[in-house]
Amino acid sequence: MKTSLYLLLTPFLYADMFPFQTIEKANQAYEKGEFHKSVRLFKSLKNDDPVVAYDQANAQYKAGMYDEALKSYAKAKGVDEATLKHNIGNTYFKKNDFDKAIVSYENVLKIREDEDTRYNLELAKKQLEEQKKQEKKNEDKNKDEKKKEKNSKDQDKKDKQKEDEKKKEEEQKQQKQQDQQQKDEQQKSQDQQNMKDQKDKDAQKKKEKAEKNMTEEEKLRKKELSHLMKQLSREKMPTMMYQATEEKGERHDKNPW
């Protein structure tokens, strides 16, 4: 177990003592397509050699570590500039950052003409155009979705408003019916009261008319009758009542009381 661990750690333990061996192993791993292993070996060197940084960047690029590759390429000063910028352009291309890829490729072509670089440049331009079309399509799609969402909200708002208005109209209708019912009841009560008042008024007029048409004798008899009724209510009886003659209806000339 110790031996296996020792053998495993040996390349890293002696990396600083024998860097050329580590570089050779890193390159061998790169050639075999073992890019992550190649990256680990390059990192174990712990030096700022631009060539090592360049090789490390290439291994990182192949391993799909594009952000790390860009950092390593930035340290590869002194390496052939056209080649370096070409690889940087490729890295940006892989990141779908076609604007920066185009800039890198154009900088290469300013240094020298290169068929691969020009091909990549045209490809990056086409990809950028497609990307913008897709972005525009997505933007239009988002606008349509937002518009649909807005229309849906507006429709919901209108439906809610109509529902509220309908509810309000129904409440107003019910209130109107209640008010009318109350008004009808009040009118009915008023009519009944008016009829009662009219009857009382008619009765009073009839009474007044009857009293007006009464003879003096009838008035006196009514007055005496009223007095008698009062006496009866007091439980008193008169000693004598008046008498009238049958023929003439005249009052007895003696005091009945």
Complete set of residues in the stretch 42-97 that are basic (Lys, Arg), surrounded by fewer than 21 Cβ atoms within 10 Å (Cβ to Cβ) and in contact with a helix residue (DSSP H, G or I) (Cβ under 6 Å, 6 or more places away or on another chain): Lys62, Lys75, Lys77, Lys94, Lys95
Checking Gln21 against (1) among the polar types (S, T, N, Q); (2) under 17 Å from Lys77 (Cβ atoms); (3) surrounded by fewer than 17 Cβ atoms within 10 Å (Cβ to Cβ), the condition it does not meet: (2)
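Tell me which residues, restricted to the stretch 184-235, are on the phi > 0 side of the Ramachandran plot and surrounded by 10 or more Cβ atoms within 10 Å (Cβ to Cβ).
none
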Tally of residues being at pLDDT 90 or above and among the polar types (S, T, N, Q) across the stretch 156-173: 1
Pair list, Cβ < 8 Å and 6+ apart or interchain, from the stretch 30-42 residues that are not assigned by TED's automatic domain parsing to the domain that holds Tyr73 to residues that are among the aromatic types (Phe, Trp, Tyr) and outside any loop (DSSP other than H, G, I, E, B): none
Qualifying residue in the stretch 104-113 (condition: farther than 28 Å from Tyr66 by Cα and not assigned by TED's automatic domain parsing to the domain that holds Gly64): no
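The values are calculated or read from the model by the stated rules, or taken from the named source; none is laboratory data. This one's a predicted model, so the numbers in the text were calculated from it and none came from an experiment. Quick reminder, even Gly has a Cβ in these numbers, built from the backbone with ideal geometry, and neighbours come from all protein chains shown.
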